[in-house]
Structure formats: C-alpha cells, structure tokens
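Single-structure report; data block below.
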Amino acid sequence: MSKPTTDRADKQRIAESLEPIVTEAHELATTLGLDPYPVNYWIVDYDEMNALVAYNGFQRRYPHWRWGMTYDQQRKQRQFLGGKAYELVNNDDPAHAFLQESNDLADQKAVITHVEAHADFFANNQWYGLFADDPNAARMLASHANRIESYMEDPSIDREAVEKWIDNVLCLEDCIDQHRPFSTVEDWLEEPSMASDIEEKLEELDLSEEVLGQVFNEDWLESQRDEDGVATFPTEPERDLISFLRTHGRQYDEATEKAVEFEDWQREIIELLRREAYYFAPQKMTKVLNEGWAAYWESIMMGEEGFAEENEFIHYADHQAKVLGSPGFNPYKLGKELWEYVENVTNRRAVVEALLRVEGVTWRNFHDRVDLDRVHETLEPAPMVDRIRSDRLDTLDGDDPRIDGDALERARDGEIDVDRFPWKLLTYEGMAERHYSLVKPQHRGFLKRISQGTVERIARYLFDDSRYGSVDEAIEAVNHTAGWDRMYEIRESHNDVTFLDEFLTQEFVEEHSYFTYEYMETTEDYRVTSTDVEDVKKKLMLRFSNFGKPTIVVEDGNYNNRNELLLAHQYNGVMLDVQQATQVLERVFELWGHPVNLKTITKELSENDIEVARRRDSEPTPEEVGKLLRYDGEELSETELPWEEVSHLAATDVDYDTKPEEWLA
Amino acid sequence: MGLRDDLERFREVGEQRRQDLSEFIQYGDLGQSLPHEIRIPIKIVDLPSFEYDQRDQGGVGQGGDGTPDVGDPVGQPQPGDGDEPGEPGEEGGEHEYYEMDPEEFAQELDDELGLELEPKGKRVVEQKEGDYTDITRTGPASTLDFDRLFKAGLKRKLAMEFDEEYVEAALKVDGMGPQSVFEWARSENIPVSRSWIEDAYEHLPAEERTTYQTIAEMEADVDRTPTAARIREEGIKDIPFRREDERYRYPETIEEKERNVVVVNIRDVSGSMREKKRELVERTFTPLDWYLTGKYDNAEFIYIAHDADAWQVSRDEFFGIRSGGGTRISSAYQLAAELLEEYPWSDWNRYVFAAGDSENSSNDTSERVIPMMEEIDANLHAYVETQPSGNAINATHAEEVERHFGEDGSTAVAYVTGPGDIVDAIYTILSTEDNE
C-alpha cells in the first residue's frame, strides 16, 4: 500500500535467518506427531500484513470495498496493539504463512510453531476435505479476481452494478449447505430436488402399471404441478439459498418492471462467490478447534520444549498472556482449554482403567485402595526422556521405542546439539511421555479429583479386571500416548459443534468458570443465568452451529402461485434480528426478480407485561407470534400469521433459554 | 485495482451508506456524538445478513476469578468471537463513524423531512465586517489591491510607450530639427517628450541627419510598429508603479442580526419514567437540539429535570436522572420562566420542549401549566408524550394541552410510543412553528 519500509534485501536477510528455525520447527512438529502441509513463509512489512489480513491471507482477491473496510479497521486496531506479532496462514497446499519483519525473534518462533499446527489441521481435518483435498486456493481466488475485474472493466457493464451484485450475493454467503461436500451448481442441480423428475423416478421404481394407474395417475401428477407444468419446488426445504437463487432466480429489470433472465456475468459471479463461501466454510466451522489446536501445540513447542531461548521466553510468555488472557469469553482460549481437558480426561481414563485392572481394586474401593499421590509420582516421565543431557548420552538405550536410535548415534558423534535440542533424540512415544499431561504442574490434582461416579462409569465397560498384580505394575503398563492419540483422532473428524457437544462436561465448565447469561426485560441488563453444563453447551451450540446464525431455508419458489419466493426461518426459540432480515430481503429481491417473503416467529412483550413481571420480581414470558416479512420491490411489510402457518417452523426439542424456571412469571 | 482501490471504494460507499438519518435517530448510537460533531456510525455499511436477535440470543461468559453467581449482572455482552480481524479476544467491531456538523445535520434533516424552518434574526450585532469590497487610498500593506495597481501601471506604460526607432527616423529627415519633429510626433499622437527628442538628436551622427529627403520618404522606408505589438515582441522591462495608483481594499460594514436561540428541554424524571420512556425522550430531544444548533448562529440550552419539583441540570446529567417522587409539570415551567428572563424575547428565539408520560398531578395541567405556556413567549412550545404501551388512564397532560391549543402555530404535541414514531414526532414539532 504505502511505501515499503524495508527493501527486499532486508526481507531476504530476515527470511534467510529464519530458515533454520523453520526447519527445526517442522522437525519438532513432526516428532510430536503433527503432519502439516508444507508451509512457505513470507516476510512482509506492517502494511503488507494488514493488506494480507484484509484479503484473508491471500495476495489477490476480487475488487470489493469490504476488503478496504477490513484493512482500515485492521490498521486502526493494530495501532493500539503496536502492530505486534500476528499470525496469518492460509489453507492451501502448500500453505502460505506470513511473518511480519518487525517482530522480534521470539514472536517469529511463536508464530512459526503456531502455523505448523494450523497447517496440520488444514491438511488432516475432514471438514476441509469437503471442499477439496487439494484446495489450490491461491490460484482459485486469483482467477476469480481476474474474472470479476474483467467484468468491472467491461465498458458494456456498469461497474457499480457489478459491485451491487456482489453485495447482494455476499449477504447470503453463510446461507449454504456447509455440511455437504462442495459441488458445482451444475452438479447440485443433478441432485433430484425438482418434481419434474417425478415421472423419471416413478419409472425407476419399476411399479406395475396397475399401481401406477391407481395411485400415481395423471390427476396425482397434475396435483404435483402448478399451471406451468412444474411441481412445487423445492420438494424439501433447501438450505443452499445461493444455489437455489442461481438456478431459479431472475433479476428485476427496472425499465420494463419485469423479472428477466440473469446476465451471464451475474450468473457467473454468483457461482464464484458461492465457491468461495464453501472454501471458507470449514475455517468458520472449526474456529475453536483449530485455534485451540494451534495454541496447544504452540505452548508445547515454545513453552515446554524451549523452542524460544530463555531470554526470548519472557517476552513470549508476555505475549501469550496478552492473547489468551484478555478478559471475557474467548473462543481461542476455550479451544485450548478444551483440548487440554480432552487430553487429561483421556489420560486419566487410561490410568483409571489400568488401576481398575489391579487385582482387588473395584470402583467402590478405588479411592481407598489406591494411593493416587503415589500413582502421580510413578507417572512422572522416566529420566531417559525427561533429562536428556550431552553428558548422559551413555545412559540412553537406542533400542528403546522412546528413543530415536539413529539420532542417538548422530548425537554421540556430536552432530546434534543435545543440550539445546534434547527432543531430537526422541520418538513420538518418547515425546508423549516427556509431555505427559497428568503430571504437569498446572494439571496437578486432575487425577485426584476424579469422582467415584466417574470411576464407576469407567468400570462398567471393563471386563478383564484382574490383569495386574500391583498398582506399580498397572502404572508401568499405562500408555503415555493415549491422550495425544485421542487428540489426533478428534482433529481429524470433529468440528466446533461436535467437539463442544461431545467433550464439554460439568467438571470442565466449573474448572474454567464458564456461565451463561441472558437479557432481562425487567432490569434491562444482562444477568448470569446458569453454570450448568447443559445450559453452557446450549448457548455455545447457538453460537457455533450454522456459523452462529439462524437457519433460513427456501420453502417455496412459487409462493402463492405467483412466482414469489418464500423463505422460512427454522425457529429454534431465538428470534431473528428482524431489522437486518428485512435488509437482506431487499437484496434477495434483486436475485429473485419477484416479491420475496420470509416466514419467521417473533417474541412479543408489552410494556404492561414487563411492568407486571417487575412487580412480581420475575421475568415476563413473551408471546410467540408468526410473522410474514415481505418485500415486493418497493415496500416492506410485516404481517401477523396464524400460528398453524408457522407451527412447522418452531422447534420444540431444545429450549435455548437458560433462565432459571423460578425466575419466570 | 487492488487494495488501494478497495479502500477508496470503502470510503465512498461508507459515505453513501452511513446509517440513514432517520434510522440513526431511531436506533443509532447517539451517545458517540458531541454537541458540535454528530457521529453517525457507519458500521451499517457492512452488509446485512440473517442474524439472531442479539438480546434474545444471550451468551456464554467466563469468570476471571471464579464463577459469578446466578443473578449477577454481567455488563454488556462479552465480545470477541474471533470473527473480527485483529487479535483474538480484543474488543471487536470498532465502528467507523461518519462525522457531520450540526449544519449538515440540519440540512439533511430538512431534505429528508421537507422542512422549511427559516430562523429569524433577532439581536443586532453591530458593525459586522462584510467582504472586502470597498476601496480606499490608504491602508495596511496587506490589503493593497495589487491587481488593480498592476493594471493601472500597465495602462500607464502603454500610454507612455512609443516606437523609438520611428521617431529617430523622423530626425533623419533633412531639415527636421527637434522642434519640428516634436510637432510632427504630437500630430501623429506619439507620446514622446521634447527632451527625449533633443537628446536623441544630439546623439545622432551629423551625416545621418540628412538620410531622407522628406517625411513621406521616411514613412515609406520605416514601418511604424504599434505599441501593443512591440510589447508583445519585446516584453516589458518594467511597469511604472505610482503611489497615486495604489488602492486599498476595505471591508464593507454590514449591520447583521444574529440568529440566537435558546432551547429549554424539560424532562419528567419521576418514578413512572422507565428506561424505555427515558430513551425515547433522549432520541427525540437530541436530534432537535442538533437541528436547532445547526440552524442558528448561536444556540444555548437549558436542561430542566422535574418530578414534583424542578431543578436545572447539565446536559450530561439530563438524560440519566431517575428520581422517585410524583409529578408536577408546572414546577418545570415555573423554573423555565425564571431562567428565560436572561434571554429576553426581543433578542432571542425561544423553544420550550417538554417530555414525559403525560402523567401529572390533578388539575396542574389546566390550572397552571397551560396558562404558563401561554405566558412564556416562545417560537414554539412542544410536549412529547412517551408512552410505549399506549395511554395510561390518568395520563392526560398531552391531550389537555392539545385540546386547549388546537392547531395553534406555536404549540405542538407529539406522541411517541416507540422508536418508529420519533421521526414523525420531530417532524410534527419542527413543522408546527409559524413562519411569518
């Protein structure tokens, strides 16, 4: 953007000085079991960094004011943070990561270790595979940029019209079907959703002429069509609004006041933006998981493995505290805490299982028979993995599975600086023992805290219960890699929603002081409502399911038999931001060409209800009312609907309201 | 194209799509504005999307030191879902602001609502300096009209210039001496002095004095070049600036009436004025204040809070106060009348705006408030009733005032039951004033 503050030679020099660090980090990551995409590191200056952040980590994006907005905010915000260490890596193979030249070495190292973990996540999490196994992202985004630029420069197309069109589509960028693998709009079309396929389907069913004649007669087929010969569509509510509009939408032509076919460029832009939405979706779906993952491995590498030298470490710790210690709810921190919790729980389970297999130990006498303090001591990593020093090399056994035999040879030949890089002599097993979670000072007490109920649950599925003669023998057999092994499985198959749903427990919620809050109508502020895990989970689900947004589907593409569009809000008990929804409707109209409608359910409370509740010192219960929002190209309207028209939209299975029962009037 | 373009486009789009004025008045964050600089958040520039209602969604927080108790207030929702660019956990969603001054605000509101409020000038401010259009012969150097001096000098130069070669050639005619050449030059309208001719004659070598036989012969041989053409060819070496050509600019003296306004804002702060009502008052009064600030040269504000008694407060306190007592609206008008004595009706435009939920102690409206409203001279009296849930039975102040004054051009009554009514209320108030 502005004049580069450093010339290329300087950046080159910094890049070269970082090369050995990158190699080391990659080696360390691999030893820890990570399997990242190769990463290309780039040195950029402050301005370039801000620009890259605005472009989501890429060098080229299609022209749009939104990037300018992010860039501007980015500059302003980072001014206050002193433009410090910023980690930016994109999901691509190879991944590209950007290091800011003004960062000091400790920050660069932290960023590099963090990035290696992200690159592992990109490469191995299955949700990223939904888009493509080889995303080829930089090229895709650059080619989209070229296409859109060419439309903007085309003298026969109004540049403003192109921009507006992009805006219209971007309003719906989260209205896709992110849980299905990405397919192009053409392929999407082939998935049978149109009732015009009915006859074809009937043929496939291979029914007898008789049945066909009786049940699926012409009258029935006719009833499945409207007057144009097309049945009501979509047959099932459609979540991929963008595809639906791309396929069935029209643009509104002001001059003739009619809906007319899209221009080619309009259709193509919808497709390009939809593809980008699918590309970015996995990152939005795995924020807690992915950021927590990176923070976890960064802290292992930087803090525990001494990747930062001692004089750098204080600086690093300071930075780390700033990032993770900021007040309030922080999804990155939640992620790291939950990963550590999963690791601890898995390790503890392995230990308890082993202990329950000691002759005479049952869940009933567990806490009496087993001296957990002693267990704790026994679990400490063996000196062989924990205290590796150049003067103790002869105590190491090259055949032990925890020791990398080849590396030990080289160390003995003086090729490895053992005191600086002790981990180079270890295998994954060795590292797992060296970093065994249950004995870390910050997790001390985790093992002892186990309740009898939990022990009982573990015992329930245990059969071979007298395998070991003594506690020591059992502990000896405990697999130190259990925690990490489980973590690697989870990072492969989970997303934020499944991760939180499966692993959040009351123990975790209490240990980390999580709580839910709700808005109180009577006191007009937010109040703590619950510390129960189920409530916390519900609120987190709300925040992380479907990108934290309400689910909107296409219900009818020929509403009222007048080619109108009917969208429906699948109401889960939390109402829409109605004001924004109407603004979106205005833009959907541009993509549909005919009037657009949205069914939703709102909550209504009168001042009087609130006053009454206030006097009773309770919270009022709002009335749920069906609403139809409609935009016909000129006017917005909002009409009340009878309940039976919206009752199918109201979910009754989960109540997201966490207010205590006794508060309600 | 590139990010630089994107940034530029953002600024343009931001300007166009800053929050629509009436939307801002109804729902916007008024608190970010200062009296003389209205800051309209342009976060709205970001595209809308289907979102949950923020209040209805609730959320999850994390305690710093232990878990807070159920029922504890948590302050504003805790931000930082990592969506915002920047460091995780950092306060996200910093708004961009579009800044307007009150003049611009008033102009926009006029455009949007079709208002035509012409502020009246009242107090005469003596001898205001107008434009520097008068001229004198003396003055400070900085006000010297150099353009004029230069033009005068140029005219002078043109008037004094002559074709020297041509006059010299006349001296070369046999028998023509300085005297006869001078006479010839005068007849030819050549502005040459006698002394110049004499001087030239002396320097003319004797043999050249007889080059031509007659004037006619000389004229045939030498072309006379007109002054303008010669200047164009040779340029001007110097312009004769003369003291007598100097003119100094001087400001016109204008007698101007300053447009002064004093606005009295009265608010019921009694127990029945709950948060929603309070907010509606703020949303109605604040734009009115801005508007009048923008319209008048000099605007002053008086803030009066009242329950059964009235007291003057500062603007900062005005919208926040909440008291317990009953309501007697006349107490506020009493105080307003006293405070307005400092702003004589002859010199000041006056607006008296009151707001409340129309509850008043019995007979106070008819027996005291209405007579006082009639008594206090003002461009406009207004009462804004903020009653989110329609009328309470005994809340009749607004109706009584409306019934009494009717379509009178100096009293407005507006009803605000929700944010959607605010813009209408503002229109009602600002369009009521008689503009005669």
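Which residue, of A:Arg61, A:Arg66, is under 26 Å from the mean Cα position of the chain (by Cα) and at pLDDT 90 or above?
Details: A:Arg66 fails: at pLDDT 90 or above.
Just a single option satisfies the conditions, and that option is A:Arg61.
Would you point out which residue out of A:Leu500, A:Leu504, A:Leu426, A:Leu462 is of a type in the set (A, V, I, L, M), closer than 30 Å to A:Ala308 by Cβ and out of contact with any Cys (no Cβ under 8 Å at 6 or more places or on another chain)?
Working: A:Leu500 fails: closer than 30 Å to A:Ala308 by Cβ; A:Leu504 fails: closer than 30 Å to A:Ala308 by Cβ; A:Leu462 fails: closer than 30 Å to A:Ala308 by Cβ.
The conditions single out A:Leu426.
List the strands (runs of 3 or more DSSP E) inside the range A:590-665, counting only whole elements, that have at least 2 residues being of a type in the set (Val, Ile, Thr).
On the way: elements: A:596-604, A:623-631, A:636-641.
Result: A:596-604.
Just wondering, is there one or more residues in the range B:310-333 that are more than 26 Å from B:Ser431 (Cβ to Cβ), among the charged types (D, E, K, R) and under 29 Å from the mean Cα position of the chain (by Cα)?
Restricting attention to the range B:310-333, the residues satisfying the condition of being more than 26 Å from B:Ser431 (Cβ to Cβ) are B:310-314, B:316-317, B:320-328, B:330-331.
Checking which are among the charged types (D, E, K, R) leaves us with B:316-317, B:322, B:328.
Narrowing further to those that are under 29 Å from the mean Cα position of the chain (by Cα): B:316-317.
Yes, there is a match, as at least one residue in the range B:310-333 is more than 26 Å from B:Ser431 (Cβ to Cβ), among the charged types (D, E, K, R) and under 29 Å from the mean Cα position of the chain (by Cα).
Hey, could you check the range A:130-149 for residues that are over 25 Å from the mean Cα position of the chain (by Cα) and under 23 Å from A:Thr247 (Cα atoms) and say which is farthest from the other protein chains (Cβ to nearest Cβ)?
Quick first cut of the range A:130-149, residues over 25 Å from the mean Cα position of the chain (by Cα) only: A:143, A:145-149.
Add one more test, that the residue is under 23 Å from A:Thr247 (Cα atoms), and what stays is A:143, A:145, A:147-148.
On the way: A:Ser143: 15, A:Ala145: 8, A:Arg147: 13, A:Ile148: 9 Å.
The selected residue is A:Ser143.
If you take just the strands (runs of 3 or more DSSP E) that sit entirely in the range B:223-274, which of them hold at least 1 residues that are under 27 Å from the mean Cα position of the chain (by Cα) and of a type in the set (Val, Ile, Thr)? Let's see the steps before the verdict.
Numbers: elements: B:248-250, B:253-257, B:260-268.
Because the criterion is at least 1 residues that are under 27 Å from the mean Cα position of the chain (by Cα) and of a type in the set (Val, Ile, Thr), the strands (runs of 3 or more DSSP E) in the range B:223-274 that meet it are B:253-257, B:260-268.
For (1) surrounded by fewer than 19 Cβ atoms within 10 Å (Cβ to Cβ); (2) aliphatic (A, V, I, L, M); (3) in contact (Cβ under 8 Å) with a residue 24 or more places away in the chain, each residue gets a yes or a no:
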| site | (1), (2), (3) |
| --- | --- |
| A:Gly33 | yes, no, yes |
| A:Glu87 | no, no, yes |
| A:Phe98 | no, no, yes |
| A:Ser102 | yes, no, yes |
| A:Asp107 | no, no, yes |
| A:Val111 | no, yes, yes |
| A:Ala117 | no, yes, yes |
| A:Asp134 | yes, no, yes |
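Restricting attention to the range B:269-285, which residues are over 25 Å from B:Ser22 (Cβ atoms) and crowded, with 16+ Cβ neighbours inside 10 Å?
Restricting attention to the range B:269-285, the residues satisfying the condition of being over 25 Å from B:Ser22 (Cβ atoms) are B:269-272.
Within the range B:269-285, B:Val269, B:Ser270, B:Ser272 qualify.
Each row is one residue, and each column tells you yes or no for (1) more than 30 Å from A:Glu634 (Cβ to Cβ); (2) modelled with pLDDT under 55.
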| site | (1), (2) |
| --- | --- |
| A:Trp188 | yes, no |
| A:Ala195 | yes, yes |
| A:Phe216 | yes, yes |
| A:Val230 | no, yes |
| A:Leu241 | no, no |
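On the basis of being surrounded by 23 or more Cβ atoms within 10 Å (Cβ to Cβ) and under 20 Å from the mean Cα position of the chain (by Cα), does A:Phe544 make the cut?
On the way: surrounded by 23 or more Cβ atoms within 10 Å (Cβ to Cβ): yes; under 20 Å from the mean Cα position of the chain (by Cα): yes.
It is true that A:Phe544 is surrounded by 23 or more Cβ atoms within 10 Å (Cβ to Cβ) and under 20 Å from the mean Cα position of the chain (by Cα).
Which pairs turn up if I take residues in the range B:215-242 that are under 19 Å from B:Phe182 (Cα atoms) and look for partners that are basic (Lys, Arg) with beta carbon separation below 7 Å, at least 6 apart in sequence or on another chain?
Every condition considered, the pairs that remain are B:Met218/B:Lys172.
Quick check on my filter: what residues within the range B:32-77 are modelled with pLDDT under 70, more than 22 Å from the chain's Cα centre (by Cα) and in a helix (DSSP H, G or I)?
B:Lys43, B:Ile44, B:Val45, listed by residue number.
What's the number of the only condition in (1) within 11 Å of chain B (Cβ to nearest Cβ); (2) surrounded by fewer than 22 Cβ atoms within 10 Å (Cβ to Cβ); (3) aliphatic (A, V, I, L, M); (4) touching a strand residue (DSSP E or B) at 6+ places or on another chain (Cβ under 6 Å) that A:Leu566 fails to meet?
Evaluating A:Leu566 over (1) within 11 Å of chain B (Cβ to nearest Cβ); (2) surrounded by fewer than 22 Cβ atoms within 10 Å (Cβ to Cβ); (3) aliphatic (A, V, I, L, M); (4) touching a strand residue (DSSP E or B) at 6+ places or on another chain (Cβ under 6 Å) leaves (1) as the failure.
Looking only at residues in the range A:378-402 that are of a type outside the set (Gly, Ala, Ser) and touching a Gly at 6+ places or on another chain (Cβ under 6 Å), which one is surrounded by the fewest Cβ atoms within 10 Å (Cβ to Cβ)?
Initially, the range A:378-402 is screened for residues of a type outside the set (Gly, Ala, Ser), giving A:378-381, A:383-389, A:391-397, A:399-402.
Then keep just the ones that are touching a Gly at 6+ places or on another chain (Cβ under 6 Å); that gives A:385, A:402.
Working: A:Val385: 25, A:Arg402: 21.
Among residues in the range A:378-402 that are of a type outside the set (Gly, Ala, Ser) and touching a Gly at 6+ places or on another chain (Cβ under 6 Å), the one surrounded by the fewest Cβ atoms within 10 Å (Cβ to Cβ) is A:Arg402.
Is the range A:547-556 home to any residue that is under 30 Å from A:Phe508 (Cβ atoms), within 11 Å of chain B (Cβ to nearest Cβ) and touching a His at 6+ places or on another chain (Cβ under 9 Å)?
The initial filter retains those residues of the range A:547-556 that are under 30 Å from A:Phe508 (Cβ atoms), namely A:547-551.
Restricting the remaining residues to those that are within 11 Å of chain B (Cβ to nearest Cβ) gives A:547-551.
Cutting the leftovers down to touching a His at 6+ places or on another chain (Cβ under 9 Å) gives us A:550-551.
Yes: one or more hits.
Could you check how many residues of the range B:393-416 are touching a residue at least 40 places away in the same chain (Cβ under 8 Å) and either away from chain A (no Cβ under 14 Å) or exposed (fewer than 15 other Cβ atoms within 10 Å of the Cβ) (or both)? Before the answer, list the steps.
First, pick out the residues of the range B:393-416 that are touching a residue at least 40 places away in the same chain (Cβ under 8 Å): B:397-399, B:414, B:416.
This time we only want the ones that are either away from chain A (no Cβ under 14 Å) or exposed (fewer than 15 other Cβ atoms within 10 Å of the Cβ) (or both), so: B:397-399, B:414.
So the count comes out to 4.
Name the single residue that is surrounded by the most Cβ atoms within 10 Å (Cβ to Cβ) among those in the range A:586-618 being modelled with pLDDT of 90 or more and among the charged types (D, E, K, R).
A:Lys599
Among the helices (runs of 4 or more DSSP H) confined wholly to the range A:416-495, which include 1 or more residues that are of a type in the set (S, T, N, Q) and more than 30 Å from A:Asp406 (Cβ to Cβ)?
On the way: elements: A:428-434, A:452-460, A:471-476, A:482-493.
In the range A:416-495, A:452-460, A:482-493 are the helices (runs of 4 or more DSSP H) which contain 1 or more residues that are of a type in the set (S, T, N, Q) and more than 30 Å from A:Asp406 (Cβ to Cβ).
The values are calculated or read from the model by the stated rules, or taken from the named source; none is laboratory data. Quantities reported herein were computed from a predicted structural model and do not represent experimental measurements. Cβ atoms come from the backbone with ideal geometry, glycine included; neighbour counts cover every protein chain shown.
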